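As structure tokens, the structure follows; a few thoughts come after it.
Taken together, the values in this text are just the output of simple stated rules run on the coordinates, not laboratory data. Remember, predicted model here, so these are calculated numbers, not experimental data. Cβ placement follows ideal geometry from the backbone for every residue including glycine, while neighbour counts extend to all protein chains displayed.
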Amino acid sequence: MMHPERTVRVTKRFHFEMAHALRCHDGLCANIHGHSYVLDVTLEGVPRSAPGHPKDGMVIDFSELKKIVNRAVVDRYDHALVLHEADRGQASSGHELFGRTLFTPWQPSCENVLLDIVERLQAALPDGKALYAVRLQETASSWAEWGRG
């Protein structure tokens with residue numbers, strides 16, 4: 001049961017490098033280019049009240065959150081090239097340059113990558129851990145956010 005007066009939000013930041021191209025885009029983003037992404041993941045919950053328990057006072061142990069996000073998101077996207085599946089023929093030479101290419105059924109915009117990350121995190125979080133917000137920063141001045149608030 002949530003106690004509003006004891007609810008806390010905890011956030012951990014992650015970094016990864018990813019390249020993409022936006023299919024049919026009317027600007028420079030139609031070309032393959034990369035970004036240094038900053039990903040902020042926020043969970044909401046009531047800190048555990050269990051004196052003597054190793055996780056006493058925590059919504060989640062930051063090291064546990066780190067493992068979950070790395071497995072579900074960073075390991076997938078870091079140093080990958082993300083393209084729309086309609087462009088598969090352009091990058092299917094088998095050359096090692098395309099060894100970490102991911103093809104998606106959706107336009108690999110910051111917004112859509114963010115929504116994919118949210119789905120992956122919701123599936124990976126243990127029961128009782130509530131995803132509150134996710135922010136994916138693509139450049140120093142541009143980002144997309146998802147949140148329940």
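Between SER92 and ALA130, the distance separating the two model label sites (each 7 Å from Cα on the Cα→Cβ line) works out to 4.5 nm. Taking SER49, SER36, SER109 in turn, the Gaussian network model of the chain (Cα-Cα springs below 10 Å) assigns the largest fluctuation to SER49. Rounded to the nearest Hz, the phi-derived 3J(HN,Hα) couplings of region 72-88 under the Karplus curve 6.51 cos²θ - 1.76 cosθ + 1.60 (θ = phi - 60°) are 7, 10, 4, 4, 6, 9, 4, 6, 9, 9, 10, 10, 5, 4, 5, 9, 3, where x marks glycine and proline. Dipole magnitude for the chain: about 420 debye, using +1 per Lys or Arg Cβ and -1 per Asp or Glu Cβ, origin at the Cα centre. Subtracting the Cα-Cα distance of ALA19 and ARG48 from 0.36 nm times their residue separation leaves 6.5 nm of extension gain. GNM remark for the chain: springs join alpha carbons under 10 Å apart, and the peak mean-square fluctuation among ARG13, ARG48, ARG100 falls on ARG48. Would you mind getting the Kirkwood hydrodynamic radius of region 1-122 from its Cα pairs, rounded to one decimal in Å? So the Kirkwood estimate lands at 16.6 Å.
With n ≥ 4 as the cut-off for DSSP H runs, can you work out [θ] at 222 nm for the chain, using -39500 (n - 2.57) per run divided by the number of residues, rounded to the nearest 500? Value at 222 nm, helices only: -4500 deg cm²/dmol.
GNM on the chain, alpha-carbon springs under 10 angstrom: the most fluctuating residue among LEU115, LEU83, LEU97 is LEU97.
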